[in-house]
Amino acid sequence: MTLQDRKAAARKAAFARRKAAHLARPSGASAHLSAVLAGYRGVPLAGYMPIRTEIDPLPAMAEAAAYGPVGVPVIRAPGQALVFSRWEPDGEMVAGSFGATVPTHERLMTPEIVIVPLVAFSRTGGRLGYGGGFYDRTLERLRAERPMLAIGFAYAAQEDRDLPLETTDQKLDLIVTEREVIEIPI
């Protein structure tokens, strides 16, 4: 089985686990994320607009927006890194690429913290996304510019102990689930 086949199989299994976790609708799912972000008040950060069965970071993002700039990703084109546009909790949004909404009026910003949506993760900081490489390119670019923090946000059920990874896959610095905060060993 090729690495790409292993990734496809891992994604399929992780999507099923994520869907089951999402349907359970755990209350306070973003509480640990809020607690982590409270230690970074005022630091520019980017979250994401949840799609499908992704865990919802919006309550934590709204809290953070009271203290500093918060952005959401904007996809310019396949094969490119993401850019981030300022987001406000009650701001006007429009449909963007891949089903996620984006601010109606684009105001670009550069985050120092990126909350990364996941399909699957490992406790060593590995992440499996949708396969487009957007976050890998983006994290690589941001890390080349300055120190930054990549926080994976997922349901605990999305953990995969045997995650197939490539050398181009960017590691997470921290993982937050509805149950815990996972520190990644350096």
Task: Looking only at the range 73-99, and only at residues there that are under 21 Å from Met148 (Cβ atoms) and small (Gly, Ala, Ser), the one that is modelled with the lowest pLDDT - done: Ala81
Task: Residue tally, condition assigned to a loop (DSSP other than H, G, I, E, B), small (Gly, Ala, Ser) and out of contact with any Asp or Glu (no Cβ under 9 Å at 6 or more places or on another chain), over the range 28-62 - done: 3
TODO: For Leu118, state whether it is touching a Gly at 6+ places or on another chain (Cβ under 7 Å), closer than 27 Å to Ile182 by Cα and surrounded by 20 or more Cβ atoms within 10 Å (Cβ to Cβ).
DONE: yes
- [ ] Tally the residues that are surrounded by 19 or more Cβ atoms within 10 Å (Cβ to Cβ) and modelled with pLDDT under 95, restricting the search to the range 135-164.
- [x] 2
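Return the residue satisfying two criteria in turn: it lies in the range 1-27 and is outside any helix (DSSP H, G or I) and over 19 Å from the mean Cα position of the chain (by Cα), and of such residues it is nearest to Gln158 (Cα to Cα).
Quick first cut of the range 1-27, residues outside any helix (DSSP H, G or I) only: 1-2, 24-27.
Next cut, over 19 Å from the mean Cα position of the chain (by Cα) only: 1-2, 24, 27.
Values: Met1: 22, Thr2: 22, Ala24: 14, Ser27: 17 Å.
It comes out as Ala24.
Which residues, counting only those in the range 37-50, are closer than 27 Å to Tyr130 by Cα, touching a residue at least 60 places away in the same chain (Cβ under 8 Å) and not aromatic (Phe, Trp, Tyr)?
Of all residues in the range 37-50, those closer than 27 Å to Tyr130 by Cα come to 37, 44-50.
Cutting the leftovers down to touching a residue at least 60 places away in the same chain (Cβ under 8 Å) gives us 37, 44-48, 50.
The answer is Leu37, Pro44, Leu45, Ala46, Gly47, Pro50.
Results for (1) farther than 26 Å from Leu163 by Cα; (2) out of contact with any Ser or Thr (no Cβ under 9 Å at 6 or more places or on another chain); (3) touching a residue at least 60 places away in the same chain (Cβ under 8 Å); (4) surrounded by fewer than 18 Cβ atoms within 10 Å (Cβ to Cβ), shown as yes or no for each residue.
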| residue | (1), (2), (3), (4) |
| --- | --- |
| Lys19 | no, no, no, yes |
| Ser34 | yes, yes, no, yes |
| Arg52 | no, yes, no, yes |
| Ile55 | no, no, yes, no |
| Ala62 | yes, yes, no, yes |
| Pro69 | yes, yes, no, no |
| Ser85 | yes, yes, no, no |
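The values are calculated or read from the model by the stated rules, or taken from the named source; none is laboratory data. Since this is a predicted model, take the numbers as computed values, not measurements. Using ideal geometry, Cβ is built from the backbone for each residue, glycine included, and neighbour counts are taken over all protein chains shown.
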